[in-house]
Structure formats: C-alpha cells, structure tokens
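Have a look at the structure below before the remarks.
The values are calculated or read from the model by the stated rules, or taken from the named source; none is laboratory data. In this text, all values refer to a predicted model and were calculated from it rather than measured experimentally. Using ideal geometry, Cβ is built from the backbone for each residue, glycine included, and neighbour counts are taken over all protein chains shown. Accessible surface is based on the protein model in full, side chains and every heavy atom, while ligands, DNA and RNA are left aside. Shrake-Rupley method; radii C 1.70, N 1.55, O 1.52, S 1.80 Å.
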Amino acid sequence: MAHMAFTTPPALTVGFDLDMTLIDSRPGIRACYQALSERTGTYIDADLTVTRLGPPLAEELINWFRAEEIPAMADLYREMYPAIAITATPAMTGAREAIAAVREAGGRAIVVTAKYEPNAKLHLAHLGIEPDAVIGDLWAEQKAQALREHDAGVYVGDHVGDVRGARTAGALSVAVATGPCPEEELRAAGADVVLADLTEFPRWLSDYRPARA
C-alpha cells in the first residue's frame, strides 16, 4: 500500500466571521440604529453601539428597550437594515485577498456570523465576495455547530466570542485585531494566532499549510 503515502490531506476549510473581520459594518449599523431611534422615539447612542459589535442584536437592544419589546425591535431593525446598511458598508482591507488565498490553496471559505443570515448574504453579494457557504445567527460557542458541520480547521474572527467558537469546535483560532477586542484580550482568550489585520492572512496561510501537511 505504498501509494497511500501520496494521498493529499483533506481540503482545508477556513471559517471567517463577518462584522469587523470581513466587513467594516460600523457605518451601516450606526445608521440603522439612528433610524431605529427615530422610528421608535427611543434614545439610542449609535456611536456607542458600534464600539461593541459582535454579539447578537438582542444583546445590544436590551440596553435601550424593555425586554418585552426586544423581539419586535429586532424585527424592525432587520427589516430596515437592507435599505440602510448594505451600501454604507465596505469590505475590510484584505478581506477579498484572504478568501482568495484559501481558494488558491485548494480550500473552502465559509462565513459563520451572529448576523441575521439574509442580511449577511446581502453584504457579501453587494461586495462581490462569494464564500462557499454563509451561516448566520450563531454567536460564540454556537459557532462551533457550523464549524464542525463544515469540518473547518481554522476560524478567523475579531472577537473573543470568535476565539471561544473556534476552540469549542477544535479549530485553530486565528484572530484579527480589527474589531472591539485588542490583541492582548484575544491572546488571553486563547487565540492561537493574532494578526494585525487580514492583509497578514495570506502569508500566514502559506506558512501554515506545509506545517499542517
């Protein structure tokens, strides 16, 4: 069975978070909270909300609305979101190149995000970024469900919740310091690798692949 030595390792699947990892969602989300504030007559500090992106929408809304109002407010926000937030949101520097690097390595790139899945897909379509799969509505440890299902060996994110998701899935945690969590916090949470931003990802991946094989 000597020929077995030549089998290639299974194709690498890399998961990516969306907000503040692949997209700079601050301008769109800020505008959406401002619109929600106007529509409901409820004060929301939109500048503050965009300093703590990552967790699910309900975790932010609870700061501004009564608990019983949250489901209706979340629905209203998600309904307004496509018209307000999509065109306002640019890709993060290096996002397209990071996905391309995975493809060029013969791998699959998936997006696993806490964002409402239809809106996550709208963002990616608008920016012309086409991952192999997009799975929404999963936060922190829940992200491990999708990472395991897609056999992702690496998960790239900007939040300590993303680090927890990767570790729960038994995937390598690659963190980018482009979101609300500084490098020290990401390392303390257990990130295996911390990059300044996604522009460093293609080089990291090219070094990682031979080591993995």
Inset, instruction - Using the Cα centre as the reference, give the magnitude of the dipole from point charges on the C-beta atoms of the range 14-119 (Lys, Arg: +1; Asp, Glu: -1; all else neutral), rounded to the nearest 20 debye. - result: 260
Legend entry - Pair D45, A125: separation of 7 Å Cα→Cβ label points (nm): 3.6
Inset, instruction - Give the label of the value calculated from the structure for mean projected area of the Cα convex hull in nm², choosing from (i) 12.2; (ii) 11.6; (iii) 10.8. - result: (i)
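Order the following by accessible area, largest value first: H123, H150. Probe radius 1.4 Å; ligands, DNA and RNA are ignored.
Working: H123 0, H150 45 Å².
Listed by decreasing accessible area, they come as H150, H123.
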Inset, instruction - In vacuum, with every alpha carbon of the range 3-89 counted as one equal point scatterer, what does the Debye formula give for log10 I(q)/I(0) at q = 0.23, 0.24, 0.26 Å⁻¹? Two decimals, please. - result: -1.18, -1.26, -1.42
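What fraction of the DSSP beta bridges in the range 1-155 is antiparallel, stated in percent and rounded to the nearest 5? Intermediate results must be reported in sequence, preceding the final value.
Values: 1 of 11 bridges.
Taking every DSSP beta bridge within the range 1-155, about 10 percent pair in antiparallel fashion.
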Legend entry - Expected 222 nm ellipticity per residue - DSSP helices of 4 or more, -39500 (n - 2.57), all of the chain, to 500: -13000 deg cm²/dmol
Legend entry - Cα-based equivalent ellipsoid, the range 75-165: semi-axes from gyration tensor eigenvalues, Å: 22, 18, 11
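With all protein chains present, how much of the accessible area of the range 55-167 (probe radius 1.4 Å) comes from carbon and sulfur, to the nearest whole percent? Show your work: numbers first, answer last.
Details: 2470 of 4970 Å².
Carbon and sulfur together cover 50 percent of it.
Would you mind getting the accessible area per residue of the chain, heavy atoms of the protein chains only, 1.4 Å probe, in Å²?
Working: 10020 Å² over 213 residues.
On a per-residue basis, the chain sits at 47 Å².
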Inset, instruction - Of the options A31, P56, A188, report the single residue whose Cα projects farthest towards the positive end of the charge dipole of the chain (beta-carbon charges: Lys, Arg +1; Asp, Glu -1). - result: A188
Legend entry - Kyte-Doolittle at least -1.0, axis length at least 18 Å by Cα - qualifying DSSP helices, the chain: 26-40, 70-85
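Would you kindly give the portion of the calculated P(r) for the range 118-184 that falls above 21 Å, as a percent of all Cα pairs? Please list the in-between numbers first.
Details: 607 of 2211 pairs.
Cα-Cα pairs of the range 118-184 separated by over 21 Å account for 27 percent.
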